[in-house]
1. Once amide H atoms are built 1.01 Å from N in the peptide plane, which residues 5 or more positions from Lys72, or in another chain, come under 5 Å H to H?
2. Distance in nm between label sites at Lys111 and Asn82, each 7 Å beyond Cα in the beta-carbon direction?
3. Using +1 at the Cβ of each Lys and Arg and -1 at the Cβ of each Asp and Glu in the range 11-132, identify which of Ser33, Gly62, Asn82 lies farthest towards the dipole's positive end.
4. Whole-Hz Karplus ³J(HN,Hα) for the range 178-195, in order, using 6.51 cos²θ - 1.76 cosθ + 1.60 and θ = phi - 60°, x for Gly and Pro?
5. Do the alpha carbons of any pairs in Lys108/Lys227; Lys83/Lys179; Lys104/Lys191 sit beyond 30 Å of each other, and which pairs?
6. Quantify how much of the Cα-Cα distance distribution of the range 99-139 extends past 16 Å, in percent.
7. Taking θ = phi - 60°, what integer Hz values does the Karplus form 6.51 cos²θ - 1.76 cosθ + 1.60 yield along the range 150-158, in sequence order, with x for Gly and Pro?
8. Which of the chymotrypsin sites (Phe, Trp or Tyr not before Pro) found in the range 139-231 are in a DSSP loop and have at most 11 neighbouring Cβ atoms, other than their own, within 10 Å?
Amino acid sequence: MAIKDNLRETLEEIESARKHSLTGEEVKLIAVSKTHSPEEIKEAIECGITDIGENKVQELQGKMEILQDSVKYHMIGNLQSNKVKYIYDKVELIHSLDRKSLLKEINKRAKNDDIIVNCLLEINIAKEESKGGMHYNEVEKFIETCLNYDNVKINGLMTVAPNTEDEAFLRECFRKMFKLKEVINNKNYDKNKIEMKYLSMGMSQDFKIAIEEGSNMVRVGTKIFGKRDYK
Ligand SMILES: *Cc1c(COP(=O)(O)O)cnc(C)c1O
């Protein structure tokens, strides 16, 4: 199937899930283009895609060089501190802030340029060993730490849910994320520093459930671009 048809179907499914969602909020779609070519991304842009997600710095850089400002870029993968310098000032949002060393490095670079870098806190909601992200009970303390770093703004939370067929468990994970967002919201932090605007959760397999449970930003790859061919 062509990207155009995949995208239309994805948008329809997003809209119908939104109608049954906890919040009824608009949902932002990030098209995850990892392993796919700039030509395929251009096709998606022509069909209306405004934001793409990549999980590797080098691949992201390569695509930025070609696509320039025809699209906005999201860093969604595990980010090594020594690679922050290549992307911090070029991305719309870093979804994978999950540790203090990374916070410090992003802040240092941003401060140097007198800019604010927008980030989401990545949460490892099911405590899976293979995954990045901080644990649920570390979040509030981490946010207090973030308040000391003036050039990083926290715009919400992100998670990669467990890969499971167990819908009840998935819902429980998403629900925990939504509640966490609400708890933080209710603390009324300075909105210039901590603003729980986005809940980035939901991928091809689970975005409908994620939206129903309160996600307002989904990261969809396979359903838009087709299967990934890792060479
Ligand atoms: C690859 C990836 C996605 C998209 O996954 P699909 O199953 O292809 O939709 C979303 N989020 C992250 C962090 C990813 O690495």
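1. Placed amide hydrogens put Asp51, Ile52 under 5 Å from Lys72.
2. In this crude spin-label approximation the distance works out to 2.3 nm.
3. It is Asn82.
4. These are the phi-based 3J(HN,Hα) values: 4, 4, 4, 4, 5, 4, 5, 4, 6, 7, 6, 5, 4, 5, 6, 10, 10, 9 Hz.
5. Beyond 30 Å between Cα atoms: Lys108/Lys227; Lys83/Lys179.
6. The proportion of pairs with Cα distances above 16 Å equals 45 percent.
7. Here the 3J(HN,Hα) series is 6, 9, 10, 10, 8, 9, x, 10, 9 Hz.
8. Tyr230
The values are calculated or read from the model by the stated rules, or taken from the named source; none is laboratory data. Nothing here was measured: the structure is a model prediction, and the numbers come from that model. All Cβ positions, even for glycine, are placed from backbone atoms using ideal geometry, and neighbour counts span all protein chains on display. Heavy atoms of the whole protein, side chains included, go into the accessibility calculation; ligands, DNA and RNA do not. Shrake-Rupley method; radii C 1.70, N 1.55, O 1.52, S 1.80 Å.
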